[in-house]
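All remarks here apply to the structure that follows.
The values are calculated or read from the model by the stated rules, or taken from the named source; none is laboratory data. This one's a predicted model, so the numbers in the text were calculated from it and none came from an experiment. Note: ideal-geometry Cβ built from the backbone for every residue, glycine included; neighbour counts use all protein chains shown. Ligands, DNA and RNA are stripped out before the accessible areas are found, and what is left, the full protein with its side chains, is counted by its heavy atoms. Shrake-Rupley method; radii C 1.70, N 1.55, O 1.52, S 1.80 Å.
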Amino acid sequence: MRPEEDRGARLRRLRWHCRRALLELDLVFQRFWRQAGDDLNDSDAAALERLLELEDHDLWELASGRRDTDDPQLRGIVERLRQA
Amino acid sequence: MKITKRTFDAVIVGAGGAGLRAALQLSESGLKTAVLTKVFPTRSHTVAAQGGVAASLGNSEEDHWHWHMYDTVKGSDWLGDQDAIEFMCRKANEVVIELEHYGMPFDRTDAGKIYQRPFGGHMSNFGEKPVRRSCAAADRTGHAMLHALYQRNVRANTQFFVEWMALDLIRDAEGEVLGVTALEMETGEIVAFQSKATIFATGGAGRIYHSSTNAFINTGDGLGMAARAGIPLEDMEFWQFHPTGVAGAGVLITEGVRGEGGILRNSSGERFMERYAPNAKDLASRDVVSRAMVTEINEGRGCGPNKDFVLLDITHLDPKVIMQRLPGIREISIQFAGTDPIKEPIPVVPTCHYQMGGIPTNYSGQVVAPRGSSMSVAVPGFYAAGECACASVHGANRLGTNSLLDLLVFGKSAGETAVEDVKKSTKAHKDLPQEAIERTLERINRLDTQRDGAGVHESRLAMQRTMQNHCGVFRFADKLKEGVSKILDVQKDVQRTVIKDKSKVFNTARIEALELENLIEVAVATMISAEARKESRGAHVRDDAPDTAERPNGRDDQNWLKHTLWFKEGNRLDYKSVKLTPLTVPTIELKKRAY
């Protein structure tokens with residue numbers, strides 16, 4: 001989270017960062033937000049923030065289930081993406 | 001109202017392949033260069049390009065730029081400008097080797113040279129047999145290209161404005177382009193970027209269609225800005241489609257699925273391709289398959305509650321074959337169609353992939369528009385490259401791997417021309433006309449104050465459905481005519497969209513409303529240009545312009561061998577001739593496009 005950023009602004013920033021280079025990811029994140037809405041808690045938001053640092057192709061491999069993550073902080077959010 | 005002004009020698013809008021290549025040219029020449037981009041540069045849609053970049057290096061077998069040029073002219077169905085095509089094909093080796101020196105990890109031959117593979121439409125000896133011309137970095141060519149170019153730009157001190165959306169061109173009364181207005185997403189602040197050279201590299205607008213392979217960022221922002229500033233859009237009726245995209249999602253199902261034995265079926269389960277192509281059946285060429293699918297849907301034999309898709313069936317294949325040879329397709333189908341193709345067929349429709357038309361330019365990357373008696377006069381201070389531009393090298397149909405080449409060659413060329421122009425200009429920056437800035441502020445103010453109106457999501461969906469149903473891969477005179485009136489109705493809604501969220505910080509609702517204002521310009525331009533072109537050529541295929549002995553493939557060179565120019569003001573159309581004279585070689589003469 002950035003200094004002085006309120007929760008609403010943080011979620012809106014994260015939503016924008018879910019605009020990706022690949023359509024597949026745009027669609028996965030669109031569904032994810034429809035389900036998660038603004039209910040994302042701070043630790044989910046922090047995990048999502050880290051996930052969004054990944055390159056698009058790597059992110060798609062995780063979201064599509066082709067690859068798993070060995071990062072415990074990311075496991076939960078990856079699972080939610082797959083279920084979305 | 002007064003807004004902050006920032007001054008640069010050059011401002012580039014868009015940080016995909018074309019924008020980064022142009023920026024590099026400017027920064028390395030010592031000019032103060034800004035790049036504005038909605039998303040982080042390496043998340044631009046260039047990332048999605050897998051196929052490779054075409055160059056007649058001849059590393060695997062004999063090749064020549066002239067053969068590449070022939071293939072590109074033929075691929076364009078003779079609508080491409082032959083001077084620009086010669087320029088691009090001759091420059092290909094240079095820009096690819098440059099990229100290699102920037103650290104691009106191309107696949108290699110055992111001898112250490114760039115490995116080249118064959119790709120559809122690329123042939124040796126003027127169409128004789130397939131040639132290995134595509135240079136790739138595994139299946140991540142676009143991604144690797146962006147990284148190499150981005151790193152190089154960082155080294156050259158290019159100044160990046162990430163998460164900034166350009167809103168309008170600033171043009172003065174003489175028509176000179178003096179920069180852009182832009183929105184900083186993090187603060188909601190509007191800033192004027194003043195520059196001596198403004199380069200658009202904003203990519204395509206594939207999101208005008210309901211079914212599209214394009215990422216959500218591809219909203220044709222550059223085209224919208226150019227159209228609002230009085231610049232025409234060229235050849236907007238030409239869009240490349242893939243026959244099989246997941247219905248409702250647009251995600252591409254590779255043609256390899258039909259290669260492995262996939263069968264297309266209609267609502268009664270019939271293998272309908274047997275009627276349209278008795279020999280090739282489901283393996284017929286892209287256009288034949290797309291046309292058959294659309295005909296089935298139009299004649300009421302589509303599937304689903306709205307009868308708006310057909311089925312791609314691979315349930316008869318051994319599950320082992322699907323798992324081994326088509327694993328990605330199974331993932332995509334489960335994710336986006338909700339069906340496991342081992343058990344159930346995949347719902348598919350033709351899906352929009354690439355925009356051949358765009359902002360008219362010459363091969364130097366200058367934006368050109370009619371002025372006085374000439375149809376192509378350079379607009380001072382304005383340049384464009386990549387998918388948003390129309391040089392025109394793709395004409396009516398693009399060859400695979402020529403899009404990455406386009407953005408390297410014309411990104412560099414636009415950058416070089418801008419460097420020359422800025423360096424020879426001795427004058428200070430001109431004052432920015434307040435009227436141009438007010439136009440942006442009025443658009444923002446309307447969104448901030450609009451209380452009742454149309455929803456952004458609903459209006460976008462109406463636009464996408466109208467484009468898909470009335471101006472898709474296979475076109476009908478009556479549907480196009482009806483489409484023109486429908487899309488103009490949607491445009492009225494877009495002018496009165498309302499957003500609930502009026503906040504400033506990362507207001508994605510406002511950004512989407514502004515993007516829709518750009519998309520609708522492209523949609524209107526496409527529909528009107530397509531309705532008017534009464535022939536079939538390349539990707540523009542009309543039911544009432546069929547293949548005849550007199551007009552093979554429905555192409556009518558006598559009346560329609562010309563570029564369309566659509567002007568926003570009054571939705572006026574004009575036409576300009578195709579440049580049939582190359583730079584140094586003889587004209588590639590007109591003939592039937594057949595493979």
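Below is a table of values for the structure above.
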| item | result |
| --- | --- |
| Two-site label geometry, B:Arg275 and B:Arg155: point separation in nm, points 7 Å out along Cα→Cβ | 6.0 nm |
| Exercise: per-residue mean of other protein chain Cβ atoms within 10 Å, A:6-13 | 4 |
| Positive-end residue, chain B charge dipole about Cα centroid, Cβ charges, pick of B:Ile511, B:Thr244, B:Thr526 | B:Ile511 |
| Percent RCO, i.e. relative contact order, over the stretch A:3-83, from Cα pairs under 8 Å lying at least 6 residues apart | 31 percent |
| Threshold 30 Å², the stretch B:199-215 residues less accessible with all protein chains present than alone (1.4 Å probe) | B:Ala215 |
| Listed residues B:Met88, B:Pro345, B:Ser577: farthest to the positive end of the dipole of the protein assembly as shown (Cβ charges) | B:Ser577 |
| Selection from A:Leu54, A:Leu74, A:Leu23, by position along the positive dipole direction of the stretch A:3-83 (Cβ) | A:Leu23 |
| Chain A: calculated mean residue ellipticity at 222 nm from DSSP helix runs of at least 4, using -39500 (n - 2.57) | -20000 deg cm²/dmol |
| Loss of accessible area when A meets B, both sides summed, Å² nearest 100, probe 1.4 Å | 2900 Å² |
| Residues of the protein assembly as shown: accessible area per residue with a 1.4 Å probe, Å² | 38 Å² |
| Threshold 50 Å² - residues in the stretch A:19-64 whose accessible area is reduced by that much or more when the chain is no longer isolated, probe 1.4 Å | A:Arg19, A:Ala21, A:Leu23, A:Leu27, A:Arg31, A:Glu55, A:His57 |
| For peptides A:72-79, B:472-479, B:291-298, B:436-443, sequence by mean Cβ density within 10 Å, most packed first | B:291-298, B:472-479, B:436-443, A:72-79 |
| Approximate shape of the stretch A:3-83 as ellipsoid semi-axes (Cα gyration tensor, √5λ), whole Å, largest first | 20, 14, 12 |
| Contour minus Cα-Cα distance for B:Ser374 and B:Arg446 (0.36 nm per residue) | 22.2 nm |
| Set of lysines with alpha-carbon distance to B:Lys424 below 28 Å, sequence-local pairs under 8 removed | B:Lys5, B:Lys32, B:Lys91, B:Lys196, B:Lys412 |
| Inter-label distance, nm, simple model (7 Å from Cα along the C-beta direction), A:Glu61/B:Ala549 | 5.8 nm |
| Förster-model FRET efficiency, 22 Å R0, B:Arg301 and B:Gln324, C-beta, rounded to 0.05 | 0.10 |
| Accessible carbon and sulfur surface of the protein assembly as shown relative to its total accessible area, %, 1.4 Å | 48 percent |
| Packing-based ranking, highest mean first, of B:148-159, B:243-254 given that Cβ atoms within 10 Å are counted | B:243-254, B:148-159 |
| Cut-off 14 Å (backbone N to label point 7 Å along Cα→Cβ of A:Glu79), residues of the stretch A:37-61 | A:44 |
| Solvent-accessible ranking of B:Glu28, B:Glu589, largest area first, probe 1.4 Å | B:Glu589, B:Glu28 |
| Rounded to the nearest 10 Å², the accessible area of B:Ile334 at probe 1.4 Å | 80 Å² |
| Relative contact order (%) - criterion: Cα under 8 Å, at least six apart; region: the stretch B:217-285 | 15 percent |
| The stretch A:1-63, dipole about Cα centre (Lys/Arg Cβ +1, Asp/Glu Cβ -1), debye to the nearest 20 | 280 debye |
